[in-house]
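Let me begin by presenting the structure, written as structure tokens, before commenting on it.
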Amino acid sequence: MGKYVVEVRSQTLYELLRKPVDLHRLKKYIERCEKCVAAFIRGFADSEGCANKRGYIFILNTDQRLPIYVKELLRRLGIESTGPRIHVRRGTIFYDPRTGKKYTHDKDVYVIYVRASSNMSFYR
């Protein structure tokens with residue numbers, strides 16, 4: 001049986017968050033209303049987040065300021081989360097089974113986890 005890999009990216013979100021991220025400039029758009037906050041989190045989580053088979057939802061990014069900001073936005077919506085903490089340290093070597101190559105992380109990767117008790121709130 002074959003295996004498919006699907007990767008989806010948001011060009012709009014990329015343009016919005018291109019380096020260096022100017023959170024001060026973005027906040028007035030993101031925090032305009034509760035729907036805007038929810039839409040930003042949805043887009044950010046779609047781009048930078050994962051849910052594993054056990055139901056854990058987590059969001060990763062190499063810019064520590066972004067998970068901190070997302071955590072604050074989640075809190076405003078009544079969604080509890082933990083972190084951010086380092087998920088992968090800079091310099092860690094990893095193997096990509098698709099390409100058969102080894103790579104080294106150039107930056108630390110930070111993660112926040114949505115608490116299991118908030119999964120339904122996050123989904124809504």
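The values are calculated or read from the model by the stated rules, or taken from the named source; none is laboratory data. Predicted model, so just to flag it, every value in this text is computed and none were measured. Don't worry about glycine lacking a Cβ; one is built from the backbone with ideal geometry, like all the others, and counts go over all protein chains shown.
For the range 23-50, residues that are aliphatic (A, V, I, L, M) and in contact with a helix residue (DSSP H, G or I) (Cβ under 7 Å, 6 or more places away or on another chain) total 5. Within the range 1-22, residues that are over 24 Å from residue 64 (Cβ atoms) sit with their Cβ atoms under 9 Å from residues that are of a type in the set (Lys, Arg) and modelled with pLDDT of 70 or more, at 6+ positions apart or across chains, in these pairs: 5/98.
For the residues 91, 43, 78, the requirement of being in a loop (DSSP other than H, G, I, E, B), within 18 Å of residue 30 (Cβ to Cβ) and out of contact with any Pro (no Cβ under 9 Å at 6 or more places or on another chain) singles out 78.
Let me confirm something: among 89, 65, 54, 85, which residue is of a type outside the set (Asp, Glu) and either within 18 Å of residue 120 (Cα to Cα) or over 17 Å from the mean Cα position of the chain (by Cα) (or both)? Exactly one of 89, 65, 54, 85 is of a type outside the set (Asp, Glu) and either within 18 Å of residue 120 (Cα to Cα) or over 17 Å from the mean Cα position of the chain (by Cα) (or both), namely 54. The residues of the range 47-72 that are in a strand (DSSP E or B) and surrounded by 19 or more Cβ atoms within 10 Å (Cβ to Cβ), listed by number, are 49, 57, 58, 59, 61.
Within the range 73-91, the set of residues being loosely packed, with under 13 Cβ neighbours inside 10 Å and free of Cβ contacts under 8 Å to residues at least 24 places away in the same chain comprises 75, 89, 90, 91. Taking residue 93, is it touching a Lys or Arg at 6+ places or on another chain (Cβ under 8 Å), under 30 Å from residue 3 (Cα atoms) and of a type in the set (Val, Ile, Thr)? Criteria met by residue 93.
Give the residues of the range 1-24 that are more than 18 Å from the chain's Cα centre (by Cα) and either modelled with pLDDT of 80 or more or surrounded by 13 or more Cβ atoms within 10 Å (Cβ to Cβ) (or both), sorted by residue number.
Passing the criteria: only 24.
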